[in-house]
Each structure stands twice: as C-alpha cells, then as structure tokens.
1. Modelled label-to-label distance, residue 42 and residue 23, 7 Å Cα→beta-carbon offset: nm?
2. I'd like the FRET efficiency for residue 572 and residue 67, computed as 1/(1 + (r/R0)^6) with the beta carbon distance as r and R0 of 35 Å, rounded to 0.05.
3. How do the peptides 93-104, 226-237 rank, highest first, by the average count of neighbouring beta carbon atoms within 10 Å per residue?
4. Taking a virtual spin label 7 Å from the Cα of residue 245 along the C-beta vector, which residues in the stretch 110-143 bring their backbone nitrogen under 14 Å of it?
5. May I ask you to compute the full-extension gain from residue 60 to residue 565, defined as 0.36 nm times their residue separation minus their alpha-carbon distance, rounded to one decimal in nm?
6. Can you work out the FRET efficiency for the pair residue 177 and residue 12, with r the C-beta to C-beta distance and R0 = 60 Å, to the nearest 0.05?
7. Take the Cβ-Cβ distance between residue 403 and residue 108 as r, set R0 to 22 Å, and report the resulting FRET efficiency rounded to the nearest 0.05.
8. Consider just the alpha-carbon atoms of the stretch 409-507 and return their Rg together with their Dmax, both in angstrom.
Ligand code: WT7
C-alpha cells in the first residue's frame, strides 16, 4: 500500500460538538489502561442489569488456565436493553428504517412496533419448543425479520447462529450440524439487485445433510411459491396468529452465550466464534456511541449484511442498545444504478454512514457523476471497515462523498473482537488516510516480532492485544482447545490477531493485512485451507494450493494452483467447472478468480508447500523468489512461472 503523508486535522466545528475531544480521549484512554477494572465497572452501567454485577473482571490469558469472564455475577437481557428500556421515552421513535432492494419498498419500525414484533416472534420460537441455551440457525435476507429473529432469540435466551445467505447449502449444513441447531429460520426468497435468491430451496438442500433439524420457520418475503414440507416447515405469519402478544424477557447471566458466528481461519473448517451477553453488549453499544459520535436523533446506516459480525454489532445490537435509528438495506450499491447508496442517504437523511473499502472502490470506478447527482448534505461522519483502505479510495470517499466536511473513521476489528478496537474518534483524532490510528478505550495493542519480543516506538511486526476487553470472544463453540491454540499459543499471554501492523512516529497503527493463510476478499474472510479442501473434493483434482493476490476492487483475489489426476488433461472448460464447483461447495465469495493448472507444487523435502513462492508468482513478481534450494524439485517453479495467470 502506498503511504500517504497527508494529515487531516479534526474539523473545529466537529470537535466542539463531539462526545470526545482530544483531551478527553487522552484522559479516558489513560484511565482505561491504568485502572482498567474501575473503568469497566463504571462503563458497564451503560446497559441495564436486572441483577447488578459485583465482580467486574475475571480474566486470564495464561494458556494453562485460560478464562475470560466479565461482569460474571450480573444478570441482564439483551432484548430488554435493545427495546423495552427505551419504551418509556422513545416508543414512537423509529428504531429501524428498512430500505428494500426495490427503491419503492421501505418500512419504518418504531420501538413500540419492534417490541410487538419481537415478542410475537419469541412466542413462535417457544411454540416450536426452543428453550434457553438452544441454538437456532438463521439464513435470512436483509429484512427487518432478521433483526426480529435475533432479538427474539435473545429475549428467550436462545443462541443464534447466522449464516450469511450467500453461503451454499453445503456450507449451511456444516454450520447447522456443528452447533446442533434444531430450528432454521429462513425466508421464501431473498432479493438483490432485482434478482431473487432461492433461500428456502437452499435450506431444503442443506437439510438433506442436517437431519437433526426439526423445524424450518419461513418468513414470507417475495411471496413466490416455495415447497413446504408438512410437519417440518412453518410460515411465520401463520404461526404468529396463534401466539400471545407479550413475552417476558428471560434473565440471562452476563456470561451466557448470545450468539455463535462462523468465521474462517488458517486451518480446518470454519470456527464458531462464541460471544456472550453482558460484556459484548457493553462493548457493542459503547463503541457504537463513541466511534460514530452517535447522538439522539441521528440517522445511522451501516451497509453491512447481518450475516457478518459488522451487521450483528453495528446494525442491530450496538445501535438498538443506544436507542438509535438504524437503517437496514436489502439491496446492492449498484441497483438500480451506481447512485443508490447516495440516493438512500438523501431519501432518509442519513447522518452517519459506515461501509467497506471494496464498495467504495467499486463505486469510485463508476465515476463521480453518480455521487454528484445527489445532495448528501445530511452526512456528518463516514466510516470504513473490513480491510485496509487504500489512500486513493480514502481520499475519494473524503473528497467526493463527504465533500471534505465529514471525518472518516477507519475501524479495525474482527469477528473475534466483538466490536471496534483501533479507530479514530472523529472529534479527537487527526486522520491519516489508510491508518486505523489509535486504540479504543481499554485496548492495549502491541507490535511483536517473530520471537514475540515487544517492539517499542515506530515498528513493524505482528499485532497482538495485551489485555482482555469486555467484547472479546469467549471460546470456539464446541472446541475450547482450538480457541486457546489459535489465539493464545503463538505469543505467551497475548491475544494474537493474525494481522501484520506498523506503528508510525505518532503512535498511529497501520494494519498491513493478514500474516496467516487467510485471505480478505471484499472485506470477507476466507481460509485458503477451506477453498483447497473444496477443490480436492472434486473427482479430478489431486492437489490444490490457494493464495491471495492484489485485486483492484476486491482487495484480494483468490488464486488457485490445481494439480489434476494423472489421466486428466487441463482445459479451460475444466477451470470453469472448478470455479463453479467451489461456488456450490462454499458459496460465490469463495470462487477462485484464477485457476492455474500445475503439474507439481513447490514443496520442501518434508512435503510442505512453499506458499511464499506461490504468492509471488500469483502477484507476477518472481524476480526475488528467495531461497528455492530447499525445494524437493526446483524445476516445478519454472513451469509455474511460465504458466502464470497474472502476467502484466
Ligand atoms: C480481518 C477481520 C471487522 C468486521 C469485518 C471483518 C481485516 C478489518 C480492517 C481495517 C485493515 C481490517 C483484518 C482483520 N480488517 N477491518 N479497518 N483495516 N484491516 O471481520 O471477517 O473477522 O475479518 O479483517 O485483517 O483481521 P472479519
């Protein structure tokens, strides 16, 4: 990434009205580190507890005695915090603005209506025998019912596991089975960019491999015909006619699970990241308020999908816990045309807009006219998340979209962290395009070298976090050892993020990207191992190695080296078939952008694939392949170079 030297000062008008200015950031940050427990004792009160906590923090990252507990004797309910407690003053304020794929479709849901919807939904879950602690899988489009379903689970203490609706039936089945869900909630169809997505029929296919599922609850959305299996499938609208309108909230312990969300790692199948109730809600709501400088009355829009953690924390839980108005968008940025985001902003007077660099780059490619035909005068603050934002995209977002008026918060975090970790606060932090800048309250980032030595001052190395925070994940569902091995075994007593990072002379952090075998495609995480195992599952493939390479829009593209069985000849038809195959095995986001047939892969004598070499060749940069003398057969490299797919 090219390093921009520009620094943008906090606009004075912004600092004056912001929740936090530079002085208060420094004071609060210092307190949060020097007296961490007292800081969180105080800020834990931002949520409502049915039984107050007396113990704030009980955490150890020692891998032989690993435990993470926050507010452990407190009790609360997330749905109560996101809905009921606002009813006294804000019953008629809008909680959710829903903007459909079709610009003609839109709904405004007040807190009173949200309460009614979630209560009835929760009673339907109870009628289907869902109990506290049971896992429920959600496979839903971006419709208000997705939020209702999440909050209905939270209300009765069920644990939701949302599977992004772009994942294939196979991937869905794996996630249903891993957490043993007995209920799947879906819709007849989704709608994106004017096209229907056959969600119910994907669930039907998935359930051929997930036989423990007892019921499928179906939201009527497009109202097109779908098959309903008797005694298993239930329409939500019909089920709701027979249930009570009120549903008590279930008191939950702070450390009871709230949700599971699967994410890719460098090895093996996706991990079920588990978040719990109290600490997560404190973290999601506090970061939402401070990072977005949210004030009552603001209209806030995060363009993510609820299938990713960004949607969990910053469409649903953070904003609703803060009694905010949160906009939920079903469609895509380019439908009906590339002006859609900005039209939606004008239509609903959005003040705060949070999106991903990949969307910005794609829209930047469509030209400024699509932006300039809209006003965007309501915008006050912009945000970015999901991958490093290249300074060119940052500048465009700032100059064209925000008309140099709106600060940009580039927020670094992960599914595992529950919420934002490193970020500017718009009233406090001068901005440098491409830098996530400084840690949020209570976060102690460190940069370490390969041996684990903590580097001081300006430095580059691996990013670790040295101290627990309330929103961190608690375990990998069903595999606590994997949690310990993945995050706490590389560097003793520290949480390893998997990211590389540089700290500059001002103490600003610059995330340089993953240092493990994870690729970031359009802000979404893909494990290379997962794509490889999908490829080798094809009858004609004997071996595969997958790496990332720089991609103009997606950030990283997926490059697959494939060795075929002896009797099979490479062909462009087979390459196309393999791409299709991965789409059906995992989903469109995992589909390789490039396939290179390789008679052999570069391996050490002990059989380990040297990915460093494969990455270089995929980047079309093979002048310096490093030491290849340890390869079992150095000649394979010449063949790989000769047949590279990214020749400039
Ligand atoms: C990985 C986490 C956080 C929600 C969406 C992605 C990369 C995320 C940034 C940023 C540079 C970023 C990291 C991280 N990442 N935000 N602002 N600057 N890199 O969540 O799927 O868990 O992926 O996304 O590499 O480790 P995720």
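1. About 1.6 nm, to one decimal.
2. On the way: r = 54 Å, r/R0 = 1.53.
Step by step, r from the Cβ atoms, then E = 0.05.
3. On the way: 93-104: 18.6, 226-237: 13.7.
The peptides rank, most packed first, as 93-104, 226-237.
4. 112-121
5. On the way: separation 505, 0.36 × 505 = 181.80 nm, distance 4.90 nm.
Computed gain between residue 60 and residue 565 is 176.9 nm.
6. Working: r = 56 Å, r/R0 = 0.93.
With a Förster radius of 60 Å, E is 0.60.
7. On the way: r = 28 Å, r/R0 = 1.25.
So the FRET efficiency works out to roughly 0.20.
8. Rg, Dmax (Cα atoms, Å): 13.9, 43.
Only the coordinates and a few stated rules stand behind these numbers; no lab work does. A quick note: this is a predicted structure, and the numbers were derived from the prediction, not measured. So basically every Cβ, Gly included, is an ideal-geometry build from the backbone, and we count neighbours across all protein chains shown.
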